[in-house]
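The values are calculated or read from the model by the stated rules, or taken from the named source; none is laboratory data. As the structure is a computational prediction, the values presented were derived from the model and not from experiment. As a convention, Cβ positions derive from the backbone with ideal geometry for all residues, glycine included, and neighbour counts pool all protein chains shown. Note: areas computed on protein heavy atoms with side chains; ligands, DNA, RNA excluded. Shrake-Rupley method; radii C 1.70, N 1.55, O 1.52, S 1.80 Å.
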Amino acid sequence: MSQPKKNKPGQVETTGHVWDGDLREYNNPLPRWWLWAFYATIVFAVVYWILYPAWPYGDSYTKGINTVEYTVEGENGEEKTVTEHWNTRALFTKSMQSSPSALAQQEWIDKVEGMSFEEIEQDPDTLQFAMSVGHGTFGDFCAACHGAGGQGKIGLFPNLADNAWLHGNSYDTIVSKIEGGINGMMPAQNVPEDTIDDLAKYVLSLSGNAEISGEAASRGKQAFASCAGCHGQDAQGNDGIGAPNLADAIWDVADVPGCGDDLGCKVDEITHVVNNGIQRQMPAFGDRLTETQIRMLAIYVRQLGGN
Amino acid sequence: MKHESIEINSGLLIVLTLAVISIGGLVEIVPLFHIEDTVEDVDGVRPYTPLEIRGRDIYVSEGCYACHSQMIRPFRDEMLRYGHYSLAAESQYDHPFQWGSKRTGPDLARVGGKYSNEWQTQHLVNPQSLVPESIMPGYPWLLETPLDYSQIEERMVALKRAGVPYSQTQEEYDANVEKFGKEMADKLHVPNATQVLEDQAAAENWDGKPGEITEMDALVAYLQMLGTMVDFSKYEDGHFNQFR
């Protein structure tokens, strides 16, 4: 750098270049602290290169001297320690195994694994843990369809917060449905047009939603014979195949409560279901969730319905 | 070269500036092309079927990527919510990739199979009807708009030029049979595309409107495929660490 003569106090140095006869450029050197911070970043970079993966060469790269250790299960079931160069995937594997939160949770998961559903119900602390994991899991995997509170959506997704269970409420059933999913299917019925009205009213009368008597009632009852195969003679449903009870006040597919006192609307709702059938799927979660997660979820889901 | 000659020659200044600022990008990107384990060696990843390609096109044109990422990062909390972290191999046939850079909505990298087709359709038509607290806009027109797949072959050829192994010749087809199995190779064969697309749309009632191929069919088929190609139960803990 060319240093011109010292300037008068208050006057800034110039670089010495002169353009067009009288244009000069001020020379304001970088502050010292900034310059040292800049050198420090260079030193930092060199240290980083030594510790962490950094420079590519050929079909590989420098791995750095920093390592991560985690354990894997060997072929004979014994645990062996793996040491790898520092990388985010190894850190992830490690954090799944031994981060403080993973360890704290694992302790309780081990407890749940060793207990039957009945034992968990009897142990308030374990139950509380299972319920809180179940609640979180429900929010991530179930709430999108069944609603944050399990209220479901009439016509699409069953309400889990009432005490009517399409498939029964034993823990084993709930677990197996979460694991394997559900294919909800009612075939469309071919009911003659002159009978469908009677059938709909007959079905509604079972839950006190309509009144029907005389010939119309017997026509409706006769038509119901083809429904009774699944829903039962007394329309109490069959939880072995997920056929709902038609004689209670709970509606899962036909939005009868949404009709208020409008009988025509109620009949339309029933007619629609009878004519079109039902096709609903619940995905299987056996691949997505661990067995213990599903058990804890089952505990949460079961209590949603008041059990 | 004198500093002055750069300063007074704007063309030269531009060229040299570009050269300097591209160093940063080049040293980060170029090595990935020749570092051996950038893309993991994993079973199951295949190119998209014709219907999925159109679904992906709609995903892009509706701007889904602006709010949804398709990349699960290797963190414990993400694993618990979304599943196994995403592999580079899983987006190797994505042109352009849909990793996204921002999550206003949840990550979609493993959304396939998480919800039913009915849910996806109803949710895309009116998200708030299923998730009242959601801020996602509805896309009801997808259910009304017939899917235009007249150019599906051209679209596949374009992707092929970008490196996706769709087949046009017998030779390429045979290679795909070897790599993905006959059933899948048939679906990746460009001359079959229209038929394959129609078959897939009819095979499953994606949008609840049988007999009609709508944009909803394509989008739901695409979403239901996301993240389902790799069977992670086949690989033990830490298996994919060797690729880093």
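Values computed for the structure shown
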quantity: Residue-averaged beta-carbon neighbours from other chains (10 angstrom radius) around B:112-120; calculated: 6
quantity: Coarse-grained scattering of the protein assembly as shown at q = 0.05 Å⁻¹, given as base-10 log I(q)/I(0) from a Debye sum over alpha-carbon atoms; calculated: -0.34
quantity: Which of B:E90, A:E193 is most accessible, then next, and so on - probe 1.4 Å; calculated: A:E193, B:E90
quantity: Over chain B: helical MRE at 222 nm, DSSP H runs n ≥ 4 each giving -39500 (n - 2.57), nearest 500; calculated: -13500 deg cm²/dmol
quantity: At 1.306 mPa s and 10 °C, Stokes diffusion of the range B:41-238 via Kirkwood alpha-carbon radius, µm² per second; calculated: 90 µm²/s
quantity: Buried accessible area, chains A and B (both chains, 1.4 Å probe, Å² to nearest 100); calculated: 3100 Å²
quantity: Whole-Hz couplings from phi, Karplus 6.51/-1.76/1.60, listed for the range B:89-94; x for Gly and Pro; calculated: 4, 6, 10, 5, 9, 8
quantity: Ranked order, B:S91, B:S150 - accessible area, probe 1.4 Å, largest first; calculated: B:S150, B:S91
quantity: Computed over the range A:122-233, Kirkwood Rh from alpha-carbon pairs, angstrom; calculated: 17.3 Å
quantity: Degrees, to the nearest 10: B:50-61 long Cα axis against longest axis of chain B; calculated: 60 degrees
quantity: Check: chain B dipole with +1 on Lys, Arg Cβ and -1 on Asp, Glu Cβ, in debye; calculated: 620 debye
quantity: Cysteines in chain A that, by Cβ-Cβ distance, have no pairing candidate under 4.7 Å; calculated: A:C142, A:C145, A:C227, A:C230
quantity: 5 angstrom amide H check on A:A243, placed H, neighbours 5+ away; calculated: A:N238
quantity: For the range B:222-234, 3J(HN,Hα) per residue [Karplus equation, 6.51 cos²θ - 1.76 cosθ + 1.60, θ = phi - 60°, Hz, x = Gly/Pro]; calculated: 5, 4, 5, 8, 4, x, 9, 6, 9, 8, 6, 5, 6
quantity: Reduction of at least 10 Å² in accessible surface, 1.4 Å probe, comparing all protein chains with the chain by itself, residues of the range A:78-98; calculated: A:E84, A:H85, A:N87, A:T88, A:R89, A:F92, A:T93, A:S95, A:M96, A:Q97
quantity: Sequence ranges A:63-71, A:216-224, A:87-95, ranked by mean other-Cβ count within 10 angstrom, highest first; calculated: A:87-95, A:216-224, A:63-71
quantity: Spatially proximal lysines relative to A:K153 (Cα-Cα < 18 Å; intrachain offsets below 8 disregarded); calculated: A:K266, B:K114
quantity: Placed amide H near A:I182: partners under 5 Å, 5+ positions off or other chain; calculated: A:M282
quantity: Net lengthening on full extension, B:E204/B:D231 (0.36 nm per residue, minus Cα-Cα); calculated: 7.5 nm
quantity: Value of [θ]222 nm, deg cm²/dmol, for chain A, DSSP H segments ≥ 4, -39500 (n - 2.57) each, nearest 500; calculated: -15000 deg cm²/dmol
quantity: From phi via Karplus (6.51, -1.76, 1.60), per-residue ³J(HN,Hα) for the range A:172-185 in Hz, x at Gly/Pro; calculated: 4, 5, 4, 4, 5, 5, 5, 5, x, x, 9, 9, x, 9
quantity: Charge tally in the Cβ shell below 11 Å around A:L91, where Lys, Arg are +1 and Asp, Glu are -1, A:L91 excluded; calculated: +2
quantity: Heavy-atom accessible area order for B:C67, A:C142, largest first, 1.4 Å probe; calculated: B:C67, A:C142
quantity: Overall Cα dimensions of chain A - principal axes, largest extent first, Å; calculated: 120, 65, 43
quantity: Net +/- balance of residues flanking B:Q195 in space, Cβ distance below 12 Å, scoring K and R +1, D and E -1; calculated: -3
quantity: Size-normalised alpha-carbon gyration radius of the range A:185-281, reference 2.2 N^0.38 Å; calculated: 0.98
quantity: Scattering profile of the range A:9-68 at q = 0.22, 0.26, 0.28 Å⁻¹ [log10 I(q)/I(0), Debye over alpha-carbon scatterers]; calculated: -0.93, -1.02, -1.06
quantity: Amide proton proximity set for A:Q279, modelled H, under 5 Å, gap of 5+; calculated: A:M186
